[in-house]
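Trainee: Below: one structure in structure tokens.
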Amino acid sequence: MKKPQSTVVPIRQEPAEISANLKAVGNSNVIQASAQLLKGYLQVAMTSYIEQIGVLMTKRMDDGDASISASEIRMLQKESDQLSSRYIDLVVKNIVNFSSVVSASREKRNAPKRSDDWTSLQLLDTDEVEKQLMLESYISAGEAGLADILYGLQRRLEFILKSSVQRKSDNPYSPHVLLMTYSELVDSEGISKDVYNTLCEAFSITVLSNLGDVLEKINEAFIQANVLPDLPKSKPITKSGGASARNEAVSPTEASPQAEELEKKLVANEHKAAVPMRPVTEIEPALYRSLVEMAEVFRTQVGENVLSDGLAVSGKSMPTIELIDTLTELQKGSAISGGDLNNSVRLQIGSSVQLDGQRRPYEEQDEILIDVVAMFFDVILQDRHLPDIVRVLIAQLQIPVLKVAMMDKEFFTKKSHHTRRFLNALSQVGLGISEQNKQIKSAVLEKMEELVARVLMDFEDDVEIFSELCDEFEIFMEQQQRQMDVIEARSRKVTQSTEHLELIKRKADYEIALRLEGKCIPEFVQLFLEDAWKDVLVLALLREGKAPGEAEQCLTVIDHLIESVVRPEGPDAKRSIIKGLANLFKGIKLGLEGISYDFHATADFFKDLESWHKQVLMVVSNVQADVSVDEEVALVSFEDTSSSVSLDEELQQELEGELAQMPEDKFSQQVNDMQVGDWVEYENPEETMMRAKLSWKSNVTMQCLFVDASGAKAMDISVADFAEELREKRMWLIGQEKASLVERALSGMKKRIASVGEEPELA
């Protein structure tokens, strides 16, 4: 939605008296103090908000909206003043009672669903979908540039509440909570849709767009109150331009104060005793033989020098526990700096533990696992199903997965393993993500990035974290999927309705042509049937289910009209036609009224029709019609084909003809075999790679509807044109996930060693 120019000055306040008092405040009071900081900001912001309502409403008046008056603007501003006071009280209450609100929210989310609860199956109507999309666009704009500070505040709240199971949407300082609280309050007032949209737009312009300063103040307040949890630095993903995701790196960013704080803590922890962790299990002999075989194949492919990473190896072997500690440090360090995917895990470990160009050897089992996991991710990075941005994201999990493999050997044999579930979930959801799908990036991709960051920061020795994150992701995606399904259904309905209308028009043409076969009629009648009455018939055919018999009446009018302009044979036929003229004219006028046809445009038709009737029906009984008749009337003859082909057969013949013209190659076969749910990749006009999913394929016209990851229409293309796009390499068929990511990776590893021995027993 385009925002009108605003005269509101950005809000900056310095509540120094509140901030100064926080130095002596503990955890018990810091939340209440932060609420006062936000309250001070909102009191100023909501004043500007009320002025902004006047700006927007006045603009609507200037744009010619007759429904808006100056008195209505004043009344709306007065009511908004009362709403503002109630709103600020609600926000403060949300923050002060945050711990109990979150507990209740979590209990509600975790409560078992009743088998007779059908509310979750109800779909939103169109207005509700549009409202949600509007609110999400404002939230996304409000959160722009605030990711670090919002995440920091969320983690500080978790630190105070001794809980790590929080959703971003629970954060009481976030644009999401602030706008949704306001939206629910306004909804309860029963205002119109246009006024609601105006209020939300004014709120976004004045309140959400200036949150950064006050959130920084609140964050400083938590720091002064010694609320100092571990906070990773969020990292942008950049691409180096290579064809392989292995050549793509996440660029390190300048460390934030929170990141420096964590880095100091990590350095300090180096001198502490190792925390006891779960025992490292031994690998079963059969599985170990398979892993050794994989490692040997991988070493052959990448070169034997990979084992030393250019370092001299000597001394006593490094215990597995110590190696895992080193991996944990590297893992958390990459969460701060962004890591470097150009460097292998071996090189990263070696650089971390080397001393004067030397390092200790690893245990044999650890050597094997390092190379097997490296091979595992090497296959993943070449997976054609995954978009580049998702491959890079999953590649950041190489060290955590290596730790899992060292601590829990079931990773290789148990399909339901929590870590495998997590990797599979990221892959399945990421299949349709494109870097330029802005709306879906702000929701799903952002959530995926958040979960990966939490693995890097929080995973030490408890693999259950993958189960918790996977469950959280599933709940999140259930909510997202409901909205995507509604949008996709709407896109599909629009496309299907368009095709249905075209088929109805074809049917109308067919019915008219069928009645004109073998006839010779005046040209003005033919033009009337094609230009005016066809629309009447189309509408009647569309309403056939709601108004049965209406289409049949329209066809009867055509029959009687044609009969009345063809010279009758004998007096009885003439009398029959004349007797039905009154009903004919009545039927024509009623039909035209049904489509609001301009009767001035039909004046010449009725004049010509009356004149023609007088000419062909001149002699009735013994009365001579003393009238002047146009002698020059163009006649149109239609050939009598005596065709018995129905409209359905005609359409089928056309379709078969189009398909027969397609080249018999693999591309034509691919599009003919394509199933709903298959993804394709293509380049948009800005030369950015995009993805779209086949949502619907017509059985009549073979037209295909593709939607993007949000469910919105991406393209509408015929099977023949799609095959040509594949042929010219402007589009690529990706398909859909028929096997999970981990199964695909393990299968790829098996193929690599198939020529050197028996396949390993991996699940």
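Trainee: Can you pull out every residue in segment 746-763 that is modelled with pLDDT under 80 and either of a type in the set (D, E, K, R) or not in a helix (DSSP H, G or I) (or both)?
Mentor: Residues of segment 746-763 modelled with pLDDT under 80: 753-763.
If the condition is that a residue be modelled with pLDDT under 80 and either of a type in the set (D, E, K, R) or not in a helix (DSSP H, G or I) (or both), then Ala754, Ser755, Val756, Gly757, Glu758, Glu759, Pro760, Glu761, Leu762, Ala763 are the ones that fit.
Trainee: Can you find a residue in segment 423-431 that is buried (at least 20 other Cβ atoms within 10 Å of the Cβ), over 29 Å from Ile321 (Cβ atoms), under 12 Å from the mean Cα position of the chain (by Cα) and free of Cβ contacts under 8 Å to residues at least 60 places away in the same chain?
Mentor: Yes: one or more hits.
Trainee: If you don't mind, another one. Kindly indicate whether any position in segment 535-544 is surrounded by 16 or more Cβ atoms within 10 Å (Cβ to Cβ), within 28 Å of Leu617 (Cβ to Cβ) and either free of Cβ contacts under 8 Å to residues at least 24 places away in the same chain or among the aliphatic types (A, V, I, L, M) (or both). Break it down stepwise before answering.
Mentor: In the first step, residues of segment 535-544 are kept if they are surrounded by 16 or more Cβ atoms within 10 Å (Cβ to Cβ); the result is 535-542.
Within this subset, residues satisfying the condition of being within 28 Å of Leu617 (Cβ to Cβ) are 536-537.
Keeping just the survivors that are either free of Cβ contacts under 8 Å to residues at least 24 places away in the same chain or among the aliphatic types (A, V, I, L, M) (or both) gives 536-537.
Within segment 535-544 (the criterion being surrounded by 16 or more Cβ atoms within 10 Å (Cβ to Cβ), within 28 Å of Leu617 (Cβ to Cβ) and either free of Cβ contacts under 8 Å to residues at least 24 places away in the same chain or among the aliphatic types (A, V, I, L, M) (or both)), the answer is yes, since at least one residue qualifies.
Trainee: So in segment 563-606, with the set limited to residues that are part of a loop (DSSP other than H, G, I, E, B) and of a type in the set (Val, Ile, Thr), which one is surrounded by the most Cβ atoms within 10 Å (Cβ to Cβ)? Spell out the reasoning first.
Mentor: Taking segment 563-606 and keeping what is part of a loop (DSSP other than H, G, I, E, B), we get 566-570, 595-598.
Keeping just the survivors that are of a type in the set (Val, Ile, Thr) gives 566, 595.
Details: Val566: 16, Ile595: 14.
Looking at residues that are part of a loop (DSSP other than H, G, I, E, B) and of a type in the set (Val, Ile, Thr), I get Val566.
Trainee: Which one of these does Glu743 not meet: (1) over 30 Å from Phe298 (Cβ atoms); (2) part of a helix (DSSP H, G or I)?
Mentor: That leaves (1) as the condition not met.
Trainee: Okay, moving on. Can you say whether Tyr151 is surrounded by 17 or more Cβ atoms within 10 Å (Cβ to Cβ) and touching a helix residue (DSSP H, G or I) at 6+ places or on another chain (Cβ under 6 Å), as far as the supplied structure shows? Show your work before the answer.
Mentor: On the way: surrounded by 17 or more Cβ atoms within 10 Å (Cβ to Cβ): yes; touching a helix residue (DSSP H, G or I) at 6+ places or on another chain (Cβ under 6 Å): no.
The answer is no for Tyr151.
Trainee: Another question about this same structure. Of the conditions (1) of a type in the set (Lys, Arg); (2) modelled with pLDDT of 90 or more; (3) surrounded by fewer than 16 Cβ atoms within 10 Å (Cβ to Cβ); (4) in the same structural domain as Glu322 (by TED's automatic domain parsing), Arg420 satisfies every one except a single condition; which number is it?
Mentor: So the condition that Arg420 fails would be (3).
Trainee: Here are some residues: Arg506, Arg567. Which one is under 30 Å from Met702 (Cα atoms) and in contact (Cβ under 8 Å) with a residue 24 or more places away in the chain? Don't jump to the end; show me each part of the working.
Mentor: Values: Arg567 fails: under 30 Å from Met702 (Cα atoms).
Exactly one residue qualifies, and that residue is Arg506.
Trainee: Can I ask one more? Looking at Ser467, Ser427, Ser416, which one is closer than 27 Å to Gln382 by Cα and assigned to a loop (DSSP other than H, G, I, E, B)?
Mentor: Ser416
Trainee: Pick from segment 678-732 the residues that are free of Cβ contacts under 8 Å to residues at least 60 places away in the same chain and assigned to a loop (DSSP other than H, G, I, E, B): which of them is farthest from Glu658 (Cα to Cα)?
Mentor: Filtering segment 678-732 for residues that are free of Cβ contacts under 8 Å to residues at least 60 places away in the same chain and assigned to a loop (DSSP other than H, G, I, E, B), the one farthest from Glu658 (Cα to Cα) comes out as Glu687.
Trainee: Quick test of your reading of the structure: Arg391 fulfils all but one of (1) part of a loop (DSSP other than H, G, I, E, B); (2) more than 21 Å from Val463 (Cβ to Cβ); (3) out of contact with any strand residue (DSSP E or B) (no Cβ under 8 Å at 6 or more places or on another chain). Name the failing condition by number.
Mentor: Here Arg391 clears every test but (1).
Trainee: Name the one entry in Ile399, Ile475 that is at pLDDT 90 or above, farther than 29 Å from Ser710 by Cβ and assigned to a helix (DSSP H, G or I).
Mentor: Values: Ile475 fails: farther than 29 Å from Ser710 by Cβ.
Being at pLDDT 90 or above, farther than 29 Å from Ser710 by Cβ and assigned to a helix (DSSP H, G or I) holds for just one of Ile399, Ile475, which is Ile399.
The values are calculated or read from the model by the stated rules, or taken from the named source; none is laboratory data. Just so it is clear, the structure is predicted and the values come from calculations on it, not from any experiment. When we count neighbours, we look across all protein chains shown, and the Cβ atoms used for this are built from the backbone with ideal geometry, even at glycine.
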